[in-house]
Amino acid sequence: MTGDRPLLEIRSLEVVFPTPGGTVRAVREVSLSVNPGESVGIVGESGSGKSTIARAALGLIELPGRIVGGEVLWRGRSLSDEKIARRYRGRQISLVSQDPMASLNPIRTIGVQMTEVMARHLKLGKQQARRRAGDLLEKVGIPEPGRRLDQYPFELSGGMQQRVVIAIALSCDPLMLIADEPTTALDVTTQAQILRLISSLQKELGLALMLITHDLGVVAGACDLLKVLYAGEIVESGTADALFHHPRHPYTAALLGATPRLDGTTERLRIINGQPPDLRSVDIGCSFSPRCPNSTSYCESEHPVLEPDSRGGMFACWHPQNHLDARSVPREG
Amino acid sequence: MSATGSTDHQLVRPPSHGWIKAVLQDPSALFGVVVLVMLVGVALFAPWIAPLDPTKQDLGARLLPPFYADGGSFEHILGTDQLGRDVFSRIIHGSRISLTIPLVSVTLAGVFGTAVGLLAGYRGGRTDTIIMRIVDTLFSFPGLLLALTILAVVGPGFWTLAIVLSLRIWMVFARITRGLVLSAREAEYVDAAELIGASPARIMLRHIAPNLTAPLSTLAVIEAAHVILSEAALSFLGLGIQSPQISWGLDVAIGRQYVFSAPWLILLPGAAIAISVLGINLLAGRLRIAADPQESAKRFAAAATVPGAQSG
Amino acid sequence: MGRYVLKRLIQAALVVVSVTVVVFVVTRLIGDPVAVMLPLEATDENRAVLEAQLGLDRPILVQLGDYMADAVRFDFGDSLWQRRPAIDIVMERLPPTMVLVLSGFVLGLLLGAVIGVVAAIRPGRWMDRLFVLLGVLGISLPQFWIGLVLIVFFSVGLGWFPTSGSGSLRHLVLPAVVLALPILGRIALVTRSSMIDELNTPHVKDATARGLSRARIVVAHAFRGAGIATITVAGWELVGALAGGAVVVETVYAWPGIGFTAMQAIERHDIILLQGVVLVIAVIVVTINILVDVTYTLLDPRVKFD
Amino acid sequence: MSRPLLEVRGLSVVYDVGREGFWGQRRTRLQAVDDISFSVERGQTFGLVGESGSGKTTTGRAILGQVPISKGRIIFDGQDVTRMDGRQLRSMRQNMQLIPQNPYGSLNPRMNVRDLIAEPLVVHRRVRNARQATERTVELLELTGMSAADLHKYPHAFSGGQRQRIVIARALALNPHLIIADEPVSALDVSIQAQVVNLLQDLQERLRLTYIFISHDLAVVRHISHRIGIMYAGKLVERADRDPIYQNPIHPYTEALLSSVPIPDPTVERARRGEVLPGEPPDPISPPAGCRFHTRCPLSQARCVEDEPPMENRAPAHQVACWVR
C-alpha cells in the first residue's frame, strides 16, 4: 500500500433521484479523495447529499437513484462495476450507519450477523469466525462477548448495538471506514464513548475514515480534513483548523455561527435566513445566494466553482469571508 | 437526514385525488373498472339487455351449443341448457345476485364490523380486550362449514344467505378498523389535538375518521369479491340461491350433469364469476396502493426502476 | 411465557366450546332437526318417537349439558343415515381429506413462496407483473368452476386424469391442484409484498453494504423476515382449505373425504353426522392455529418476550 | 420576585408496563419520574435536561395532565392543579401549551394551516365566526414569521422549520402563560434550529411567556434557559441558575454530561481528552439502590450504594443530590 495513491476517489459525481414531484439532484459535481490513514469529515444538513456520497463510496446507489455523471474509484478501479464493488464492500471499505437498531437484522443473533461477513470475505470456518467475532466484540468494548454472540440485537442497548456494528465493520480488516451519522441516534454520553472508540480504532489500525455528520462538534475532534456540503455540492474543503477558525465560504461561517456552543458567550445565535433550496429545481447561480449575506446579483446568475485558496483549501464563492475568526463575524441581534 | 430527504416529505403528503388518474393508467386496474361498470350496468338493466326471458323453457331447443361451436346459432348466442333456456340471458340476469348479495352482505358486515372496531379501538382497555377476544374466537371458526350447517338447518334463501355471508366477514372490518383507530391514535397530531382540549367527538371525526375511509372502502371492495365467490360456491353446493332465482353458481351446478355433452353450461356462467371477481380484485389491488401514500411512493420507485418508465 | 401458553390453550378450548354451542343453538333452537330429518309425510307419532330418541323432549339446558358432555368424549350419537356412530364415519373419512388438503397446501405454499420471492426481487418488471396476475387469478377463480374446467379439458378432453374418485396418485392430481390455487395466489401476493418491504429495510441495505451475496441477502435476511407474514397467511389458508376448499373440491371430484361426507349428510338430512364433521374440523383448526403460534416463536425471537 | 408561575413539588410518575412471573402475577412498574421538585418564575425559561429515559418528557406530560401523577403537587399560578375537577382543569389547561418535538407528525396532514392554527380557538369557543378565526390566524402567523399567503396550504408544503413555526402559532393561539417545549428543535437542521430558538426568545420577550424547555442538548439549553435542572434515571440531580451549571457543575453526572458534549472547535476538542463517562443509564424498571448514578460515578463511595442522596443547597439557589460533593 503506497501512501500517495488515494484509496477512494470520487470524480465529478452526479446523482439524481426521480420523485413524483420531479427529479431531485442529490449530488452535483462532487469530487473528493481519501488517502490511506486520513480522516475526512463531511458536514452537511439534511438534503445536502452527504448520505448519498456515503452510499456512492460503497458503489451502492440504489434504484430509483442513478449516477448520471462522474465516477467513483476504489484504488483506481470503478465501483460502478457491481462485481468489483461487491468484492471490496465490507472487505476493504466498511460502513457504520446511523441507526444501529435498524442496521442489524432484528431476528438473527449477533453471532450469525458477525460470522456471515467473515465467512464471505475471509472464508473462515464457523469456529474460527466465532472466535474472531468474540475477540472483535472485546476490542470494541463489549463485556461478556461470548454471551453476546447468542443474543439478539433488541437485547442490547443502543450504544452496545453500535459497538456491534463497528465490530462487524472491522471484522475483515478494512482499509477504510465510512461512518454515516454514527452517533445521531445515541445519547450524549454514549455518543462520546462511540466517537472516542472510532477515533482510537482509526489511529490504532491506521484506517482511513470518512465521517459524515450534520454536527460540527462531532467532526471537530475526529477529523483532520473537512468538506462542507450545501445543496448537493461541496462548497468548501480544507483542514479542520482552517475551516473552523478561518472559514472562507459564507455558509461555513454561518453554520458555525448558528451552532450553539457549550463554551459560547453570546445570548443570541446567529441565524441563517430562509430554507435550503428545492433540489428539484436548482438555480443557475450559487445555491446559497438566496440566504447569503454577501450575495450580489452576480451570485444569482453565475455558478461559483471550487477554487484553491492560499492555505491549501478550496472554496466555491464569489464573495468569500475574509481571514477572520468565525466568532468575530458580526452576529445578528 | 438522507439525501432523499425531499422524497420523505412526499410520504407524509395526504393521499391526493390523483388516484383516479393513477387507476386509469394502470391496465389491470382499468380492466377492473370496466368489469365493475359492466357488472353494475348489466345487473341494473338486465331485463332490457337480455334478448330472451331467462326462465322461459323451450324443450324443443334443449342443449343447443353456443355460436362458436358446431350447430350453434346467433339465436341463442351462448346456447341453451337442458330445459332450453337461453344461457346468455341467464348469465345477464345472474349478475343481479352477484351484485346484490355482496352489496347487502358487505354493507351489513361493514357497518356492524366498523362500529365494533371503532368501539374497541376508541374505548380501549377492557372493552377492547373483550371485543377482540370474541373476534379472535370467531376467526378460528371453521367458516364455510359452519355456514353450510346453518344454511342446511335454517334453509337457504336470499336473506339467510346474505346474513350468513356477512357473519363470516364482519370480524375483518372490526379488526382492521380497530387497528386503524389505534394507529391513528398513536399519531402525534391526535395527541396534539387532545392536548389543546379537543372533545373526543371532534378527535374521532376530524382527526381519526379521515384515516379510515380509504382503507375501509378498499377492504369493502376486497370483501365484495370474496362474497361473490362464497355465494357462488354455496349456490353451487345447493345451499345458496335456489331455482327459479338465477345465480351463476347454481347454473354451473346444473351444468355439471352435462359435463360430457354440454361443457358450455359450466364454462360460461363460471367464466362470468371468474371475470367479475378477477376484475374487482385487480381494482382492489390498485386501490390499496392509492389509499396508502407510502405504498404509492414505493410503487413509484419500483416503476422508476423499469427502463423507459416515466421519471417525473 | 407460561402465561402466554396458558392463554393460548384457554383460547383454543374457548373456540371449541363456542363452536359446539353455536352448532347446538343452530341445530336445536334455530332449526328444527326433527322436521329436517323426517320425510314430509311423517305423522305426529313419528315425530314424537324421533324426538324421544334424540332426547329433544327434555328441557333445553339438560339437552345442552348432555350434548356437551358427549361432545367432550367425541360421542355425537349415531348417524341416522348409516346407523352407526358418527365419529366412526368421520374418522374413516378424515385420512383422505388430510391427504388431499396437505398435498394441495404444500403445493400452494411452496410454489406461492417461490413465486412471491422471485417477483419481489425485481418489482415492476414483466416477471413480477406476470406473477402478480397469476396470484390474483389464484384468489379470483371459483374453485368449483376451475375444478370442472380441468375435468372438461384434462379428463373429458385429453383423458389424462380420472374425472372423480380416489385410489391412485392420478386421482389426486386435479383436486390437489384446484385446492392449491387460492393458497398459491394468496401466499404469492403476501410473500411478494413483505419481501419488497423487507428488501427495503435498512438492515438489508446494510447487509448489502457488508458485501454479502445477493442470494444470502434474499434468503437468509429478507425471506426470513418476510416468512413471518407468509406463515400467518399459510395458517389461515390451511384452515380455509380444510373448512371450505375441501368441501367444494371433494364434492366436485367425489373425493371420499370429510367435506364430501358433510355434503352427503346434508343431502340425507343427517344432522348428527354433520355436526360431528363440524366439531372435528373445529378441533383440527384450533390445533393448526396453535401450531402457527409456535412457528412464530421459532421464527421471531421477539415474540418470546411478548 | 413574586410567586413563581409553576411549582412542581415531589412529583412522581409510575407506569404499569406489563406483567411478570410465570403466570403474570406481578405487575411490572416503571418509575419514570421519582420525587422531583422545581419551580419556574414568570417570564423565564426552565431548562430540563437529560438523556433518553431520564424522565424529562414524562415530567412535561405530567404537568400538562397527560399522564397520571402518582405522587406530588403541581401548583400553577398559585392553584393546585392536582386537586382540580374536570371543568376547572379544562380552563386551567388552556394556559399551558405544548410544543412537541416532531413538526412532521404533530400537524394533521389533512388540515390546512388556517384550520390547524384556528383549531384551539374553535375548540374553546374563543372566536365567534370564521372571519374572526382567520383574522386571529393571520395575526399568529405573522407573529411567528410566516405570512397570510400560507393560510390555505397544507403541512406537506412546508419545511421542518416552517412547520415548527406553525406548531408554535397553534400553541400561542389561546394566549397561554406557560409553554412546555419538548425537544422543539432537535428534529431540525442547525441553521433552522437557530431560527426557531431565536423566535422562541423573541416571543418570550414580547408576550412575557414562561417556558419549560426540555432537551437533551446542553448547548441549546444554555442559549435559552435562565434556570436548569439536570435529570438522571427519573431523578433531578442538580438544579441551579444557568451559569453555575455550566461554570461550576457540582454533581458528577452534570460534569460528565458537559464533558461529553462535543465542541465545534478542533483546538478545544483535541485539548479536552478527559475520561469519557463509562457504562449506560440503568434499567428504569429496576434502578440501582442508593444514588442511581453510583454504577457509573467515578467518585462513588460505600454510602452512595446504600442511601439515596437528598437534594441539598450547595450555594445560593444551587441544589445538588450527591453525597460526595
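Some values worked out for this structure:
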| item | result |
| --- | --- |
| Å² of accessible area per residue within the range A:101-171, as computed with a 1.4 Å probe and no ligands counted | 38 Å² |
| Most positive-pole-ward Cα, A:143, A:153, A:118, against dipole of the range A:101-171 from beta carbon charges | A:118 |
| Heavy-atom accessible surface of the protein assembly as shown: percent carbon and sulfur, 1.4 Å | 58 percent |
| GNM result for chain C, Cα springs below 10 Å: residue of C:192, C:122, C:93 fluctuating most strongly | C:122 |
| Length-normalised contact order of chain D in % [C-alpha pairs under 8 Å, at least 6 apart] | 20 percent |
| Extreme residue, positive dipole direction of the range C:2-72, given options C:40, C:52, C:25 (C-beta unit charges) | C:25 |
| Cα gyration tensor shape of the range D:29-71, rounded if a/c is under 1.5, else prolate or oblate by comparing a/b with b/c | prolate |
| Average partner coverage of A:251-263, which counts Cβ from other chains inside 10 Å | 6 |
| 29 Å Cα-Cα threshold exceeded, pairs from C:205/D:153; A:227/C:205; A:126/C:205 | C:205/D:153 |
| At most 12 other Cβ within 10 Å, DSSP loop - chymotrypsin sites (Phe, Trp or Tyr not before Pro), the range B:17-86 | B:45, B:68, B:74 |
| Within the protein assembly as shown, helix-based [θ] at 222 nm, where runs of 4 or more DSSP H residues each add -39,500 (n - 2.57), nearest 500 | -16000 deg cm²/dmol |
| Sparse-neighbour loop sites [chymotrypsin sites (Phe, Trp or Tyr not before Pro); the range D:1-89; at most 12 other C-beta within 10 Å; DSSP] | D:22, D:23 |
| Student exercise, chain B dipole from Lys, Arg, Asp, Glu Cβ charges, in Debye to nearest 20 | 480 debye |
| Under 5 Å, built H, 5+ apart or other chain: amide partners of residue A:309 | A:314, A:315 |
| Trypsin sites (Lys or Arg not before Pro) restricted to the range A:77-169 and DSSP loop, no more than 16 other C-beta within 10 Å | A:123 |
| Gap separating the Cα centres of the range A:298-323 and the range C:1-23, nearest whole Å | 74 Å |
| Total accessible surface hidden between C and D, rounded to 100 Å², 1.4 Å probe | 300 Å² |
| Among beta bridges that DSSP assigns inside the protein assembly as shown, antiparallel share in %, nearest 5 | 60 percent |
| Size of electric dipole in the range A:101-171: Cβ of Lys, Arg +1 and of Asp, Glu -1, about Cα centre, debye, nearest 20 | 260 debye |
| Residues losing 50 Å² or more accessible surface upon assembly, the range B:216-247, compared with the chain by itself, 1.4 Å | B:229, B:236, B:237 |
| Protein-protein interface of the range D:119-146, residues with accessible area decrease of at least 30 Å², isolated chain reference, 1.4 Å probe | D:119, D:123 |
| Unit charges on C-beta of K, R, D, E only; dipole of the range C:2-72, Debye | 780 debye |
| Three-way shape label, chain B, alpha-carbon gyration tensor, a/c 1.5 | oblate |
| Accessible area buried, both sides summed, chains C and B with 1.4 Å probe, Å² | 4000 Å² |
| Heavy-atom accessible area per residue - the range C:87-267, 1.4 Å, Å² | 36 Å² |
| Value of relative contact order over the range D:104-176, rounded to a whole percent, pairs C-alpha under 8 Å and six or more apart | 47 percent |
| Sequence-distant residues sharing a close amide H with residue D:322 (under 5 Å, placed H) | D:312 |
| Amide hydrogen neighbours beyond the local backbone of residue A:19, cut-off 5 Å, H modeled | A:24 |
| Cβ neighbours within 10 Å from other chains - mean over B:26-34 | 1 |
| Highest-first arrangement of C:153-160, D:106-113, B:154-161, where packing means the average Cβ count within 10 Å | D:106-113, B:154-161, C:153-160 |
| Span-like helix ranges in chain B, DSSP H, alpha carbon extent 15 angstrom or more, Kyte mean at least 1.0 | B:27-44, B:87-123, B:143-154, B:158-186, B:210-236, B:264-291 |
| Relative contact order %, chain B, counting alpha carbon pairs below 8 Å whose residues are six or more apart | 23 percent |
| Contact surface B-A: accessible area buried, both sides summed, square angstrom, 1.4 angstrom probe | 1300 Å² |
| DSSP bridge pairs, the range D:130-258: antiparallel proportion in percent, nearest 5 | 55 percent |
| Alpha carbon centroid spacing (whole Å) that separates the range D:230-291 from the range D:83-139 | 37 Å |
| Cα gyration tensor shape for the range A:101-171, rounded if a/c is under 1.5, else prolate or oblate | prolate |
| Peptide-level mean, for C:132-141, of C-beta atoms on other protein chains within 10 Å | 5 |
| Spatial separation of Cα centroids for the range A:144-175 and the range A:43-114, in angstrom | 19 Å |
| Probe 1.4 Å, protein heavy atoms only - accessible area per residue of the range D:133-195 in square angstrom | 28 Å² |
| 1.4 Å probe, heavy atoms, protein only - residues of the range A:185-218 losing at least 30 Å² accessible area vs chain alone | A:187, A:188, A:189, A:192, A:193, A:196, A:214, A:217 |
| Unmatched cysteines, chain D - criterion: no other Cβ of a Cys under 4.7 angstrom | D:297, D:322 |
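The values are calculated or read from the model by the stated rules, or taken from the named source; none is laboratory data. Fair warning: this is a prediction, and the values are worked out from it, not measured in the lab. Note: ideal-geometry Cβ built from the backbone for every residue, glycine included; neighbour counts use all protein chains shown. Accessible surface areas use protein heavy atoms only, side chains included; no ligands, DNA or RNA. Shrake-Rupley method; radii C 1.70, N 1.55, O 1.52, S 1.80 Å.
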